[in-house]
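Trainee: Below you'll find the structure I mean.
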Amino acid sequence: MKIFSGSSNRPLAKAISAYIGIELGQSTIKPFPDGETFVKINENIRGRDVFIVQPTFAPADNLLE
C-alpha cells in the first residue's frame, strides 16, 4: 500500500501515513507557466493499492490537481 499527498494538505497525509506506519510516497508536484499542474509519481506503484490524500475544498485547483 502507498499513500501520496497532493499539495493542499501535506501535514494530513503525513499524519495518516504515520498512524498506519508506512512512509509517505514520493511525488513531484509543480505548476506549468500556463497554470496547469504537473504531477509525477516518483516510485513504482505497479500492483499496489494507492491512496491519494487531497482535500477538495476551495480553490478549485485542489480538485483539479
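The values are calculated or read from the model by the stated rules, or taken from the named source; none is laboratory data. All of these numbers come straight from a predicted model, not from anything done at the bench. Backbone-built Cβ (ideal geometry, glycine too); neighbour counts: all protein chains shown. The protein model used for the area step is the full one, side chains on, heavy atoms only, and it has no ligands, DNA or RNA in it. Shrake-Rupley method; radii C 1.70, N 1.55, O 1.52, S 1.80 Å.
Trainee: Taking region 35-65 as the search range and keeping residues that are part of a loop (DSSP other than H, G, I, E, B), at pLDDT 90 or above and charged (D, E, K, R), which one is surrounded by the fewest Cβ atoms within 10 Å (Cβ to Cβ)?
Mentor: Checking each candidate, the answer is R46.
Trainee: Ok, one more. Filter region 1-27 down to residues that are more than 21 Å from T56 (Cβ to Cβ) and of a type in the set (V, I, T) and give me whichever is farthest from the chain's Cα centre (by Cα).
Mentor: Applying the first criterion (more than 21 Å from T56 (Cβ to Cβ)) to region 1-27 yields 1, 18-23, 26.
Now narrow it down to the ones that are of a type in the set (V, I, T): 20, 22.
On the way: I20: 16, I22: 15 Å.
This residue is I20.
Trainee: Mind counting the residues in region 2-15 that are touching a strand residue (DSSP E or B) at 6+ places or on another chain (Cβ under 8 Å), open to solvent by 60 Å² or more (accessible area, probe 1.4 Å) and either on the phi > 0 side of the Ramachandran plot or not in a loop (DSSP other than H, G, I, E, B) (or both)?
Mentor: 2
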